1. Go through the stretch 378-418 and give me each residue that's assigned to a helix (DSSP H, G or I), open to solvent by 40 Å² or more (accessible area, probe 1.4 Å) and either closer than 17 Å to residue 437 by Cβ or in contact (Cβ under 8 Å) with a residue 40 or more places away in the chain (or both).
2. Suppose the filter is open to solvent by less than 70 Å² (accessible area, probe 1.4 Å), under 18 Å from residue 97 (Cβ atoms) and modelled with pLDDT under 95; does residue 232 pass it?
3. Here is a list: 285, 225. Which entry is in a loop (DSSP other than H, G, I, E, B), of a type outside the set (Val, Ile, Thr), open to solvent by less than 40 Å² (accessible area, probe 1.4 Å) and under 29 Å from residue 103 (Cα atoms)?
4. Looking at 130, 94, which one is open to solvent by less than 50 Å² (accessible area, probe 1.4 Å) and either at pLDDT 95 or above or not hydrophobic (A, V, I, L, M, F, W, C) (or both)?
5. Can you find a residue that is among the small types (Gly, Ala, Ser), open to solvent by 40 Å² or more (accessible area, probe 1.4 Å) and in contact with a Gly (Cβ under 6 Å, 6 or more places away or on another chain) anywhere in the stretch 450-459?
6. Any chance you could count how many residues in the stretch 352-376 are modelled with pLDDT of 90 or more, more than 15 Å from residue 430 (Cβ to Cβ) and open to solvent by 50 Å² or more (accessible area, probe 1.4 Å)?
7. Looking only at the stretch 419-445, filter to residues that are among the polar types (S, T, N, Q) and in contact (Cβ under 8 Å) with a residue 24 or more places away in the chain; which one of those is nearest to residue 53 (Cα to Cα)?
8. Just one of 73, 9 is among the polar types (S, T, N, Q) and more than 24 Å from residue 275 (Cα to Cα); which is it?
Amino acid sequence: MSYLGAAESVVQGRGLRIPNSGWSDPDSTSELKLFPPGYSLALSIPIRLGIAPYTAGRIVQAGAAFVTVTLTSALALELAGTWAAVMLTAILCLTPALIEDHLSILSEPLYLAMLSVFLSVVVRRPDRPLWHGLAAAAANGVRYIGGSLVAAGTLLALARPGTWRQRITRAAQAALPALLLGALWVGLVRGKPGQPPTTALVADFHLGDALADFRDALQLWLGPSPEDAKWALPLALVVTVLLVGVLLRGFRKLFSEAKPAPAVVRLWAAIGAITLGHFGVLLFSRIFVGHEIPFDSRLMSPLILVFEVLLIVLLLLDHELLKLPRGAGIALVAVLWVMGAGGWFRELWQDVHVDGSDYNDREWRQSPTLDWIRSDSGRARVLFSNHPVPIWFHTGRPSRDLPETSEPDSLAAFARVLDQQHGAVVFFSDTTWDPDVMIDSLAIGVPLRLVAQFSDGRVYVRP
């Protein structure tokens, strides 16, 4: 909603605005603040050309996928030959985390494309720290996790040989584009007098759920399989042993007499820096900013992408591993992985084409609560809701949030807004958006009158 809504708003000349706002705001739209602007700006290009918004989203996702696969496969081709490029292309197109990233109109695919640009430039042109910085800044303008690439580029610039003055100069060039872009974003979009764009940092070091998500993401990557398959965990363990072995052999060669080519060394360095930066940004965000941030496949997909590049390059360069009988064993494991990923993809394909995906699934398409919003009664009301996303996706209408406190003064003010706006409170029962004030308490405190009740939601108005 935020990405597409802001893109349409840009095309309409209203700036980066999303179709949702606070209940006390005079407008049903608000400035895009929660996400960086890069993806919305990318979506606005095909929309401005007259392409329908959802089709524009598909075009951007497909274009991003093309860039990601092309650049990483070309890098593998350059470092390890034709078969490395062929194998990497096949694996990328079957990796569950990467496939899931491209299912919805979200910023992950464009970020992966920017990550591929960064990796290619760092490996091919190590003497261009400003280029590294520009690629990292572009990625950071798409997703906040792109700060990891800014950190990676700065680390790589500092690590390259030279005097400390040269190192610091290179590091400044790598960091400067992102700093300038960040300052522009805060100043022009997020900065408001009396309303700082940041919130107080509160530490929460409970990472149990995040580590469980991380474990599940690794298992899905290393042992993809249909949902009811019994061999997902054994396959994941076998693949883990294989991949650890390949990584260790490749790492030892870095310090042996027969060192790998300089470009392969740079690939190792780049992926090491990206990994450190990624986990650094992710841990900081989880501990101090968003305590519910999951370490799931979506957030692990950038690391999955770069490690697949590294593993395929190392494997195809290690001719001893490809000889019999070890080569036959590796080929068998690869076939099992491809079969498992293919079975997983087949189930996903069936689910998407039968039930739909995300907010386009059958339950949302057949929602009686959304039908009420489309009716004459719904069209006559300004909407306030605990879940604005399906409202906008399926009716094209903006909505405002519900109060975040049950204080009497707040509820009295909310009642006045409802009366002035001729508003209706649309409450969805099946949503991951937990309200700050439960609907029953809100209905009593305001008060509200129930006018419609459905299997998936309720509608209230003022008495």
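The values are calculated or read from the model by the stated rules, or taken from the named source; none is laboratory data. Here the structure is a predicted model, which means the values were calculated and not measured. Glycine also receives a Cβ, built like all others from the backbone with ideal geometry; neighbour counts cover every protein chain displayed. In case anyone asks, the SASA skips ligands and DNA or RNA and just uses the protein heavy atoms, side chains included. Shrake-Rupley method; radii C 1.70, N 1.55, O 1.52, S 1.80 Å.
1. Selection gives 393, 408, 409, 412, 416.
2. The answer is yes for residue 232.
3. 225
4. When all the criteria are applied, what remains is 94.
5. No, every residue in the stretch 450-459 fails to be among the small types (Gly, Ala, Ser), open to solvent by 40 Å² or more (accessible area, probe 1.4 Å) and in contact with a Gly (Cβ under 6 Å, 6 or more places away or on another chain).
6. 3
7. Looking at residues that are among the polar types (S, T, N, Q) and in contact (Cβ under 8 Å) with a residue 24 or more places away in the chain, I get 431.
8. That would be 9, the only listed residue that is among the polar types (S, T, N, Q) and more than 24 Å from residue 275 (Cα to Cα).
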